[in-house]
1. Which value in deg cm²/dmol, rounded to the nearest 500, describes the helix-derived mean residue ellipticity at 222 nm for the chain, given -39,500 (n - 2.57) per DSSP H run of n ≥ 4 and division by the residue count?
2. Within segment 52-95, whose backbone N sits under 12 Å from a point 7 Å along Cα→Cβ of Lys106?
3. Under the definition of Cα pairs under 8 Å and six or more residues apart, what whole-number percent is the relative contact order of the chain?
4. Among 80-91, 8-19, what's the highest-first ranking by average C-beta atoms within 10 angstrom per residue?
5. For the peptides 50-62, 99-111, what is the packing order when you average, over each peptide's residues, the other Cβ atoms within 10 Å and list the highest mean first?
6. Could you tell me what percent of the accessible area of the chain is made up of carbon and sulfur, with a 1.4 Å probe and every protein chain present?
7. Can you bin segment 48-114 into rounded, prolate or oblate? Criterion: square roots of the alpha carbon gyration tensor eigenvalues sorted a ≥ b ≥ c, rounded for a/c under 1.5, prolate for a/b above b/c, oblate for the rest.
8. Excluding Glu73 itself, what net charge comes from residues whose Cβ is under 12 Å from its Cβ, given Lys and Arg +1 and Asp and Glu -1?
Amino acid sequence: HCLVFNTSLLALDLTGCQIGVEGARSIARLLSLQNSMDLSGGKIRALMLGDNQLGEEGCSTIARALRNNNNLEFLYLDDNQIGAIGLEILADALRTNSSLQRLHLKHNSFQLKPLIR
């Protein structure tokens, strides 16, 4: 809740914090709320969520938040047991997201075919 009105934090690194699906839901709410508020540039631009056991559901939750987010530039989802379903939903979200510049997906369980399309 305290990050919703953030005016200075531009990067959030939660690597290895084991936030799981519930944590992914909280992060998705934060991204959605920050996107709809005028915070004079103090919006999170880099989000590191590696090694957090997000799985398909957590990845899908983050992906849905990305659809309308125009602030996040870097997203790290390494080592999160993301499979084909999560990848498909993520690829779909990226079709409408114009701000994301870098996406890290190392050490997950999918093939790149859906993303290439």
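The values are calculated or read from the model by the stated rules, or taken from the named source; none is laboratory data. Values in this document were obtained by computation on a predicted structure and should not be read as measured data. Here the Cβ is made from the backbone with ideal geometry for all residues, glycine too, and neighbour counts use every protein chain on show. We work out accessible area using only protein heavy atoms, side chains counted, and drop any ligands, DNA or RNA first. Shrake-Rupley method; radii C 1.70, N 1.55, O 1.52, S 1.80 Å.
1. That comes out to -11500 deg cm²/dmol.
2. 77-79
3. Reported as a whole number, the value is 25 percent.
4. In decreasing order of mean packing, 80-91, 8-19 become 80-91, 8-19.
5. Descending mean neighbour count gives 50-62, 99-111.
6. Looking at the chain in its full context, I get 52 percent from C and S.
7. Prolate is the answer for segment 48-114, as a/c is 1.5 or above and a/b outweighs b/c.
8. +3
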